[in-house]
Each structure stands twice: as structure tokens, then as C-alpha cells.
1. Which stretch or stretches of the range A:84-119 have amide N atoms under 15 Å from the point lying 7 Å from residue A:44's Cα along the Cα→Cβ direction?
2. Of the listed peptides D:138-150, D:259-271, what is their order by residue-averaged count of other C-beta atoms within 10 Å, with the highest listed first?
3. Is there a simple number for the mean count of other chain Cβ atoms within 10 Å of the Cβ of residues in B:243-256, and what is it?
4. Indicate, rounded to the nearest 5 percent, the antiparallel portion of the DSSP beta bridges found entirely in chain C.
5. Inter-copy label distances at residue C:63, 7 Å along the Cα→beta-carbon direction, one decimal in nm, shortest first?
6. Please report how far the C-alpha centroid of the range A:139-185 lies from that of the range D:167-194, rounded to the nearest whole angstrom.
7. Quick check: from the Cα gyration tensor, does the range B:35-94 come out rounded (a/c under 1.5), prolate or oblate?
8. Between residue B:264 and residue A:247, how many nm apart are label points set 7 Å from Cα along the C-beta direction?
Number of protein chains: 4
Amino acid sequence: MSEDLRVARRAFVRTALGALAVGAFAPKAFAQGAAAAQGGVPVTDRIEFKRLAAANRILAHEDVVDAFGHVSVRDPDNPKRYVMARSRSPELVEFSDLIRFEQDGKSLDPENRTPYGERMIHGAIYEARPDVNAVVHNHAYALLPFGLTGRTLEPLVHVASIIGAKIPLWDAQTKFKDTDMLVRTMDQGRDLAATLGKNTCALMRGHGAVVACETLKQAVITAIYLKVDAEVQLQAMAIGTPRKLTDKEVELSTATQFSPLALDRAWEYFCVRAGVEPI
Amino acid sequence: MSEDLRVARRAFVRTALGALAVGAFAPKAFAQGAAAAQGGVPVTDRIEFKRLAAANRILAHEDVVDAFGHVSVRDPDNPKRYVMARSRSPELVEFSDLIRFEQDGKSLDPENRTPYGERMIHGAIYEARPDVNAVVHNHAYALLPFGLTGRTLEPLVHVASIIGAKIPLWDAQTKFKDTDMLVRTMDQGRDLAATLGKNTCALMRGHGAVVACETLKQAVITAIYLKVDAEVQLQAMAIGTPRKLTDKEVELSTATQFSPLALDRAWEYFCVRAGVEPI
Amino acid sequence: MSEDLRVARRAFVRTALGALAVGAFAPKAFAQGAAAAQGGVPVTDRIEFKRLAAANRILAHEDVVDAFGHVSVRDPDNPKRYVMARSRSPELVEFSDLIRFEQDGKSLDPENRTPYGERMIHGAIYEARPDVNAVVHNHAYALLPFGLTGRTLEPLVHVASIIGAKIPLWDAQTKFKDTDMLVRTMDQGRDLAATLGKNTCALMRGHGAVVACETLKQAVITAIYLKVDAEVQLQAMAIGTPRKLTDKEVELSTATQFSPLALDRAWEYFCVRAGVEPI
Amino acid sequence: MSEDLRVARRAFVRTALGALAVGAFAPKAFAQGAAAAQGGVPVTDRIEFKRLAAANRILAHEDVVDAFGHVSVRDPDNPKRYVMARSRSPELVEFSDLIRFEQDGKSLDPENRTPYGERMIHGAIYEARPDVNAVVHNHAYALLPFGLTGRTLEPLVHVASIIGAKIPLWDAQTKFKDTDMLVRTMDQGRDLAATLGKNTCALMRGHGAVVACETLKQAVITAIYLKVDAEVQLQAMAIGTPRKLTDKEVELSTATQFSPLALDRAWEYFCVRAGVEPI
């Protein structure tokens, strides 16, 4: 099939999938009303949630996530809840896929759709970190060699200062022995959150990473530059011993990179590349 | 030529090629009738075969196959047969390219088109493995350094647990001395199948790999993550000694990754990326 | 969202952003008149400035710049000024984004839009180098391992002879201790310019590079091949000790690569790839 | 500019460039007549020349060539001539860009357009090798580390057997000392041809490679797999000592890879990918 036809085909498929999703739960008002009566809390048309849908697309476009991975925000309507998509690859996530969750992972989806099995990562971090309002979990391949070899990933380049001076490594084996490697219980999530501590990022051996930031824009951009830093460090380690940023450089550079001037320039760039409005 | 014109051109070329293919064998009904009288068994409009055509596109889109490589399914209508495309790069395969084969490689194509020279890989594995219903043969470049250097490829990351704990290496030289490296006889195919044994994947020195799974979705996704795992291992080996998944982690993670929740999420993702319906 | 819809969406977004930019400052003539009265000097419709807008797109398309990075030209109307875009990722820069600056960084933008924080890099180089009329600052990732490890980047391949025989390394730490790593004052810019000296390129530790040439076409193409040379050197160093071009080869090859025959062939190529007219 | 607009823009640019090219030499018939009277020999509408134009696009699409590089065929109308494009990046070459040359490089272009400076590479090889009817010269980056470090590039994978068992290295320094590294005289071309000898490929230190085959399809596909083999060897050398194909494997595999079954499958694949008809 030609690229041309494939693109058109993809549009059809996505549209069809969207129609199916809607159709299966119509009339929506009725379902929501019934579900609300049962505890369902629909996701409203707030800018934070629209931005969350966009964040999914950005992370997919920048190859930070692939078939797997997810991003969430703490619910601005209730800090003991968080919002993320139903179980679906981020590249395909639409606004209508978003669901509210209790911190323990209980779904408040009026439509009771299948959630991500690893949402406990997000709930546990929101529980442990009142300062965090956005979490990304991803499997970016460049990150994996570090956890697999025990080599330390460190911020080497100024745009990646935002990943923080220290990036701890979590290994499911340590406390849970042999598992399927997924963080599917609050117990596992809390263990991961304990390893993350006050840091921005943590690696997960043979699995991926988590990124926890104060805002969604920060979390998305940090996840992108975490991958970039890993790629640079892999290349640098092949020709010598790279010098990392000093702790003070990390601190000063982070303040600059998270200032509106730099953050919004990067956010606009990544939004437009992913074909979403820079909201 | 502009990207724009090139895309349109490609659509024309594919359509024209398709028309030529049809035209050369019209009227189809007559040819099929005649061929059937001679032993031809046309490929019917079953979902398994439509999925097989889609699988070709997915493997090409994810760069698991390039000009060469192929994928087949055991014939659901007759376990002693299998179905795969005529000799054509997977990226270009259409439903109409599919052909049924006897296990020994004899073509049942009513149109008697040229088959893949290496279809014996598939027949020999179906013969040796009653549990296998889908086979992928590919030349993904990231896999090659392992067979070429004798280094062992192992599952390091959880999404790649499905490749299995052990990935044997087959070398045409061992039994057949100097050849053109292709598996073109059942004798060669059986030798490869013997090396594969009960495993999911086997590497082929200086050539590529085979992947054998119970279902087509599993085979396609496994072939994709076999390449991913190799890429990660190459990078990890450049900075240290990577730690592999334990056998129990492989077992538990495989069960999870092949569960409908994970498998279908990945299948949807890869289908939409390749511009095919997630059937 | 499909690729197809995403592309259309992106077109909408860029157009909308453009409309917003214009709308916010209309009527332009009035604003310009008022600003001119206050010291604003608008950017006129000269070919050099159109080429500068194009250069932004080329550098982005070739992955020399990403969210960050910028390119400028010495103002042909006044050698003590230079012209570059307002603070915006190069991939998104339009002709209307261009602003004139005094050498010390003072903006002459009638619309007083936010400039790049690091424009001092450009002003300081124009001040130190009367022979230079175009400057590129970028963060191409392949360059970073060299400054981080202290390994020397050298011209290895003939198309990259134009980067010059010597590429010094500048480190903000040396004179300024811990900073946010950005060159935001003329003091810092002059220190960087001093390190650059009479050379064409300089690396910036943990940050990126600067490229300074006589013409804009030269600067753009040099920035592209600086990245290419780094990529080749990284690969070469992984398998042995690469031999660099002799100083005479660098000199002779540069003359050839900058001759109209070669320069214009490359310029046309990079322009068309980026979808801009080869002006 | 959006991808969408950029694509459309590129189409416009290419079309405009094409119109300019035609316009500048109209009426063509008159110019050809006049030029013929002066020694010009126009390129006729033969399939071999259409295929040559297509070959330019394929090599560019597969990143075998970039801004530089070229491909030619021995003139089927006169073996002491060859045909290639005027000086233009292969990605942009149209049928109308093709020119006939005498073996010594003298142009027979009725329109007297600027030829490639390095066409002597082609003329010298056609002169030395009566068995060769197509030549590719390219700068594929993966090839460069071998010549730069003195490491030997060898055929490791069966699809790359066609590059031949031995790939000599030519260095302009050896006979010509310091130069601009380009092969611009027949003297230099003959020295390169002498190094190439009876082999299919030769590397050029700090520059690129040449590929010489009996047919154009073979030359294009060989150039592609020369790059693939280099990429695999670079990765393999990073984790161990790769084992090369035996000379007999190279011989047997080449015969198979150049058989119509395999060659035409690959040719169709690369043509369609590049958006050209598989002629």
C-alpha cells in the first residue's frame, strides 16, 4: 500500500475506532448519569485535560513512549485523584479516552473501560509527593542500558539539567523477587515511589523510567530530555569519561529551562511537531 | 521529485502493479477453476488471511523486514498446509498475493506465481512444531552482530520477555558447508527447525532470524521486540555487562505480555501505525 | 490522530499562530511608525533576510537544531547590527519573526517581541570577527560527547573540511564558574568569541557549538557537516584511531567545497529538502 | 512551516526548478540541432536512461547518497561513452538532467550544462573495466570509519555478498599528496580504477566509495547493501570479532542475489519506496 493510501487508511482506522468507542457507550449522557449514580466521575472539558491528551501525542511523536507507556496529571478538581487515559497506546489517545482515578487506582470511569495495569505507578507517586502534579512512565530504549549494567545516568547537557542531579534505579527483584516486571499493586508502586524519593526521575531495571514534575509541561519536556541525555551519555561513554553538570549548574540551568521563556518555546515546538495546538 | 509527488507516484505504481497482477490472470474464476482441477487451492476471504496480509505491512513498517523476509500462518483449513505471500517484499504484499502451500513447499496457487525460495523455513517449522501456527523470517540488522560474533542474545527488557529465555544460533555451514546461505530445501529447513527446538526464536548466522509462535499476533509482536531487545543489548554491551531477565521473570512477563490486554494494545498500535485495520 | 490529520492539524496550528502573531500587532504600519519613532528598525524585504528565514528551516530539517538553537546574519544595512528571529524554535520561524539587533544585543524590534536569551553569542562574534557575516548556534547531540570527554573533534571527511583544522572547546565554568550554562551577557559572549578566535567552529561543553562563516550559505552547510563529521568520528573511534585530513587537505578541500559549483549544489539540495526555495 | 505546507512547497520548488531548466534552453529542438552541429549528442528516450534517472532517486531515498554522489551507465549506443546527470544532487535529478560524455569526460550535452567535477571516476572505470556498465560514487557515512581507521570492510551478511570478497582502499594522498580529495582528472581516476582492480567496490579514504557492476540494477542494490554491511560490521565490531562470509559463500550467494528472482524483488521494493516505477 502506498504511503499516501496508508495515511488515508490510518485516518479511516482512527476515525472508525473513535466512532466505535463512542457508539459503544451511547447515549453518553444516559450512561454518565447511570454511572455517576454508581460513582463514575466523568472527565470535563478543562484545559488541563486537553493538554493531557496532547501530552500523549507529544510523547509518542518524540519516541519517548511506544506501544506502552502513559502520562497522567493530578486531578485539579480533587488532589486525591488523578487523570489518565484508558488502556491505549499514547499515540492513539483522544480526549474521550481520559478517565479519573482514585489514588488507590479505583476507576471513576462512567463507561468502565479497561485502565492501564500500571496506573499504580502514578497513584503511589501522587500519594508520596504533594509537590508533583504530573507523572510520565515510559520505556525509552536509550534509558535501558543504564539500569541493565548498573551504570549511572547523569545530567551531562544543559537542556537535560531538568532531569535532576540524581537518578535512582529501582529493581522489582529487590523487594518482590521474580515478577512479570509490571507495577500493578500499590505495594509495588509505593516501593518505586520510595526509591524515587524527592528526585525527578527514576530508572526501572529492564523496564523503563518514571518522571515526576510539578506541571505537565515540565514532565513531558523532562521525559524527552531524559532520553536525549541518555543517548548523549551512551555515545560519550564510548569515547571517554563524560563530565557531568555540577549540582549548582543543574540547579541554575533547571531554573532557566523551566522559566516561561524556555519552557514555552520548547512546548510550542513539541506541540507543533506532534500536530497539536500549543495549549 | 517532491515528497508529495513521490507519494502520489507510489500510489500509482502500487495500483498499477496491482492491476497488472490481476490482469495477467483474468478471468480469475476461469483460472481458478482450471487450476483447481489441477490441484490449485485458492486463498479464501478468512480473517486469518486478511490479518496475514496486514502482518506483512506491520513487519515492513517497523523495519523488521526490508526487501527480504516473510511471514506465514498455518492453514486453519488444513494443518498440513500453510499460507504466505508469493515472492514479493512484505511492504508491497496485498491480500491477493497470498498462496497456500503443502508442508513440503509445493504450491497450491491456482495462478502458479513465483513463491519465496525460502518457504521451506516455514514448512519445516510447522512440521516439527504442532504448537506453532505462525512463523516470521527476517533479516533485522540489529540481530546480525550476535550470530556474527558468537555473543548470546538474551531477553533483557520486559516487553521482550516473549522472545524466550534461550535463543539458539543456526549456521548453514555446520551441516551444509558453503552454500548461498538460503534455506531452500526441506533438509535445510529441518536442520534449522532442529536448532530452533522448542524455543520461540533462533538466529541464523550472517542471515537473520526465525520467530515461531502460537498465533500470528504473537509472532509479529515477538519479531518486533526481538529487534528491540537486540538494539538495547548492543547499546548495553557498549557500556557494561547487561543483566538478563531471570527465567521466572521471562515466564511471568510473557504471560502478561501475551494476555489480551497487552497484546491487543500493542497490536492496535502497530496496525494503526502501518495504516491497516486492527483485525 | 492519523498522520494525515496530524499534518493538516499542524498546518492549521502554524497558520493560526501566524495569524495571532500578526493580529496582535495590527495595524503593522502604525506600530512600525510608532516604534520607529522610539528606535525600532523593521526588517525589510531583502533577499538576505528571506534566506535567513529559510536557513532556520534548513537547520531544523537536518536536525542541526531542535527546540533550541539559532542563526543570524550581520545586517547588510549596518555592520554594527545583526538580524535574527525572535525567541522561537527555528523549525517554526517565519520571515515576520525576524528582528534587527545592535551588536550589544539591544533589540530594534518595532513590536518589542521577546528575543533569544543567547543572542550575545552572535553579537560578540560579529564584534570580534569583521570577516564573519553569519553565525549558527546549535545543540546537535553528536557534538556533545567531544566536549564532555575532552576528545578532540577533527575534520576527517572531505565534505567536512569546511569546519576547519582546529575546533576549540569553550567551557562556561572556566571563567564564570557555576552558571545556567547559557551565554546571556556580552562578557560571556566575548569569552566564547575569544576561544573561537579565528576558527570556524567552537564546541561548548555540555551545551553545543557555534559556527561562524563569511556567508550564510557557508554557515548553514558548515553546521550540517560539523554534525556529520562528529557522527563519523564517533563511529570511527569505536573501531580504531581515525586519521584526520592534513591541514593542506583542509585548505584545498574547503576552497572546493565553498566554490559555487559545490556550495550551490548543496544549498539547492538542503533547501528543497526543507521545502524552501533555493534563494 | 507545516509538513503539509512544506511538502506542497517542495513540489512547487521542484516544478519551478524544472520549468526554469527547460525555459533556459528553449526551444530545445533548435538548441539540440545547433549543439549537434557542434558535437552535442542528446540523451534519447531509452529505458536504460529512464532507469538511470530512477536510480538517482533510489540511491537518495536509501541515504546512500546525500547532497553529493552520482551514478552513471555505459552508453548502450556507444561503449566509449557514458551517461550521467548534470551537476545536481541525485535526489533532485530528472530525466532531462542526463548528459552523454566521452570516456575522457568531455561533455556531449547540447545545452552545455555544468557536469559533475568527479565524472572522471566513471570514465576511468569504464575504460579499465569492459565488464562494467554501471558505476555509483557515494559518501555513505557508515563506510567512512573503515578507510579512516584502516580496518577492513568485509561481506558479513548474505544480502551483502554482492559487494565482493575484497574491498580495497584508495587514498588520494598516496600518489597525489595533498589535494582537495576529489577525483577530477583522468590521472586520478585511473589511479582509483587501478586500486579497484577487478573488484566490485573500493573505499576512498575520508571520502566515500565506488561501486562498479555489470548492470545498473546490480550497481544500485550493491551500493545499498555495501552501506548495510558497513553498519552491521560497525555494530558487530563493538561487541566482538565478526566472522565474514567464506569466499565460496560470497560466490554462491552473489549468484543467488543477482538472479532475477531476488534482484527483481529487491528492485521493485526500492523503486516503489522511492516513488518511481520499477522499470
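1. Label zone hits: A:100.
2. The peptides rank, most packed first, as D:138-150, D:259-271.
3. If you average over the peptide's residues, the count of other-chain Cβ atoms is 4.
4. So the antiparallel bridges in chain C amount to around 90 percent.
5. Copy-to-copy label distances for residue C:63: 0.6, 0.6, 0.9 nm.
6. Computed from Cα coordinates, the inter-centre distance equals 50 Å.
7. prolate
8. So the two model labels end up 5.0 nm from each other.
Read-outs throughout are calculated quantities, based only on the coordinates presented, and are distinct from any laboratory measurement. As the structure is a computational prediction, the values presented were derived from the model and not from experiment. Neighbour counts run over all protein chains shown; Cβ positions are idealised from the backbone, glycine included.
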